[in-house]
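**Student:** Mind having a look at this structure? Questions to follow.
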Amino acid sequence: MRRRTPLLVLLILLIIWPVLTAAHIIPPTPPVTPPRLILGVEQISATAWALLVGCSSPPHDLRVWAEEAPPQLPQTITALAPGRWRAQFDGALPSSAIVYGCGQRAALVVASTTTPLWLNSLFGLGMVAAALLGVRLIRRPHRVVTRPTLSPTTPVWQAHITDEQGDRILTLPTGMLTAGSDPACHMIVLGSDIALRHAHLMLTEEQAHIVDLASPSGIFCGPVRRRLRPHTPTLVGDEDIWLGATVRLRLVKI
């Protein structure tokens, strides 16, 4: 038992030694981040301005270097709050400078709040041009658009139609008219085999001609229903004209 005692003591020391060592180690202190040096800028007048500084102690070493000017020293330093100071300087507020104080260095850039003179002039010219243009538009006389009046044509033909809508009579003027199932046609006829633009009617005061516009179902004339040649004007008499196999048409002179 006595021979094993030193081994047990050594084993216990090996186990508790890291614990004892860790208990006596002081953890490192995290570095303290210094406060931001420049907290703001105040424009007091045309010949005085102030710099708001963040520093834990009075910033007696505060210096400002503007472009091509000797370093400026603050005239007064006033405590605003713990860690906040107001340093007043004489002269005009610089647009950019280098600030040193509290062991730190920072750049000071002041955004310009004044509008350039050339931009004000350009805006003024634009306003004048807009006003002149508005006056010109107001004084400009309005043109009255007159549409040419079409002299009414005396109807000289009647179209006796039999289609899906039944029997009806339409009065037609002279000129070139379009017949088909398209609502834009002059004479709308409805049938299962009627094309959108099926035929042209060329009407004068004395004669009437019909032209097949290469419709799939064709145009037929006469008692034997002779098919007309496409794109060829055909003189129409008192006989019936068939547009396809479903629409019957007869043109009668008034």
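**Student:** Quote to one decimal, in nm, the extra length available between ALA92 and VAL109 on full extension: 0.36 nm per residue of separation minus the C-alpha distance between them.
**Tutor:** On the way: separation 17, 0.36 × 17 = 6.12 nm, distance 1.39 nm.
Stretched fully, the ALA92-VAL109 segment lengthens by 4.7 nm.
**Student:** Local charge sum around LEU52 (other residues, Cβ-Cβ under 9 Å, Lys/Arg +1, Asp/Glu -1)?
**Tutor:** Working: positive: ARG84, ARG86; negative: GLU42.
Summing Lys and Arg as +1 and Asp and Glu as -1 gives +1.
**Student:** Please compute the length gained on full extension between THR246 and LEU170, using 0.36 nm multiplied by the number of residues separating them and subtracting their Cα-Cα distance.
**Tutor:** Between THR246 and LEU170, full extension yields 25.6 nm more.
**Student:** Report the label-to-label distance for ARG225 and SER56 in nanometres (one decimal), using points 7 Å from each Cα along the Cα→Cβ vector.
**Tutor:** With each label placed 7 Å out from Cα toward Cβ, I get 11.3 nm.
**Student:** Once fully extended, how much extra length lies between PHE123 and LEU213, figured as 0.36 nm per residue of separation less the alpha-carbon to alpha-carbon distance? Intermediate values should be presented prior to the final figure.
**Tutor:** Numbers: separation 90, 0.36 × 90 = 32.40 nm, distance 6.44 nm.
So the extension gain works out to 26.0 nm.
Coordinate-derived values only; no laboratory data. Because the structure is a prediction, the values reported are computed rather than measured. Here the Cβ is made from the backbone with ideal geometry for all residues, glycine too, and neighbour counts use every protein chain on show.
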